[in-house]
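See below for the structure under consideration.
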Amino acid sequence: MSMMDSPDAWDVLAQAGELARRGEAFALATVVWRQGPSSGKQGCRAIITAEGELRGWIGGACAEPAVIREARQALVEGTPRLLLLGSPEQFGAAVPEGMTVVPISCQSEGALEVYIEPVQPVPHLVVVGRSPMAHTLVELAGSLGWHARLVEHTELDAVTERSFVVVATQGHHDEESVERALAARPAYVGLVGSRRRGASVLGYLADRGVAADELDRVQVPAGLDLGHVSHREIAVAILAELVRIRAARGVPPGPAGAAVPDPAETVDPVCGMTVEIDDPVAFEGHEYSFCCAGCRAAFLRDPGAYAKKESRC
């Protein structure tokens, strides 16, 4: 099956474009080879979000959990990976170097080869002000491929929780700019200016009722401390700080900075596949979860035959 024969795959690509425009991290999974009988077809695609939501079609109930798990790990590491999903006995020593074999042997002897590509959002930088330093900062960020904009203090509507905001208004509307930026709860708010000026701005906002924990999020002065430097070097110092913050955080946080916990996992005692712990079956003091109804039924018919295989719960 080619991409031209798979309209759903085009829908997935359209959704991927929309996620990229919104600045959200995701992984794109594509079936590049299949061995029947497998419900996944060549050209099938799916998006896996940082939260573990799968949109699209890769394969059945056995394939999806493995693809989601590997996609989330690819997002954390920032590197693509090529998966071979099936029984290890199907491939033996014939597995090409660089591929990862993931066991998904349940009711079918089918196999899939899936390419997973993590897509990290382009950083969004909003610089408030029209100073030479502000222009330089936008130019430098653009050279790194960042989405950088120079705006007035009244143009902060496009700021999101993934934006970096640098206020460089140099005494003109500093307070209003910082307050507007904080209201959008961006990933970073920095104020260009002296510590004395910063204390004055934050003190004014405190008197206006802005919460202390919000004001603590403002970096004053913005950028790494390089001492007395030129406006171009100040721009370099600010961008260096933003690069360091982004690298430390990895995948950008979700709404309100909420961390998404990884699901609890165990090993299906019947097929050996790693699965999420869901509706477990208790046997001799242990609990067992399964990738599908077939494995669950096989275990219930003769739990003693499989329980001793389970060693990685």
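The values are calculated or read from the model by the stated rules, or taken from the named source; none is laboratory data. Model, not experiment: these values are computed from the prediction. Using ideal geometry, Cβ is built from the backbone for each residue, glycine included, and neighbour counts are taken over all protein chains shown. To get the accessible areas, we keep the full protein, side chains included, count just its heavy atoms, and leave off ligands, DNA and RNA. Shrake-Rupley method; radii C 1.70, N 1.55, O 1.52, S 1.80 Å.
Here are the numbers for the structure shown:
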quantity	calculated
Mean accessible surface per residue for segment 9-87, computed with a 1.4 Å probe while every protein chain stays in place, in Å²	40
Separation of the VAL101 and GLU139 label points, Cα + 7 Å toward Cβ, nm	5.6
Net dipole in debye of segment 120-183 [+1 Lys, Arg Cβ; -1 Asp, Glu Cβ; about Cα centre; nearest 20]	280
Gaussian network model of the chain, springs between alpha carbon atoms under 10 Å - residue of PHE26, PHE290, PHE299 with greatest fluctuation	PHE299
Total charge dipole magnitude, segment 186-252, about the Cα centre, Cβ charges on Lys, Arg, Asp, Glu only, Debye to nearest 20	140
Dipole of the chain, positive end: most advanced residue of HIS231, GLY36, ALA63 [Cβ charges, Cα centre]	HIS231
Surface accessible to a 1.4 Å probe, per residue, for the residues of segment 120-252, Å²	51
Per-residue SASA entry for HIS231, accessible area with 1.4 Å probe, Å² rounded to 10	80
Label point at ALA248 placed 7 Å out along Cα→Cβ; residues across segment 158-193 whose backbone nitrogen lies under 16 Å	164-165, 187-191
Lys/Arg +1, Asp/Glu -1 at C-beta; the chain dipole; positive extreme among ALA282, VAL128, THR100	VAL128
Nearest-0.05 FRET efficiency for LEU82 and ARG55, computed from C-beta distance (R0 25 Å)	0.75
P(r) weight above 33 Å for the chain, C-alpha pairs, percent	43
Share of carbon and sulfur in the accessible heavy-atom surface of segment 166-245 [1.4 Å probe, %]	51
C-alpha long axis of helix 174-183 to longest principal axis of the chain, angle in °	20
Leading residue at positive end of dipole, the chain (Cβ point charges), from TYR115, VAL218, GLY193	GLY193
Net charge of neighbours whose Cβ lies under 11 Å from the Cβ of PRO80, counting Lys and Arg as +1 and Asp and Glu as -1	-2
Cα-projected label distance for ASP11 with GLU284, points at 7 Å along beta-carbon direction, nm	4.7
Percentage relative contact order, segment 123-223, counting C-alpha pairs under 8 Å, at least six apart	25
Cα-centred dipole magnitude for the chain, charges only on beta-carbon of K, R (+1) and D, E (-1), debye, nearest 20	640
Local electrostatic count, VAL165, Cβ distance below 15 Å [Lys/Arg +1, Asp/Glu -1]	-4
Against the rule of thumb 2.2 N^0.38 Å, how large the Cα Rg of segment 58-189 comes out	1.66
Protection-proxy order for peptides 183-195, 119-131, each taking the mean of Cβ atoms within 10 Å per residue, highest first	119-131, 183-195
Relative contact order [Cα under 8 Å, 6+ residues apart], the chain, whole percent	14
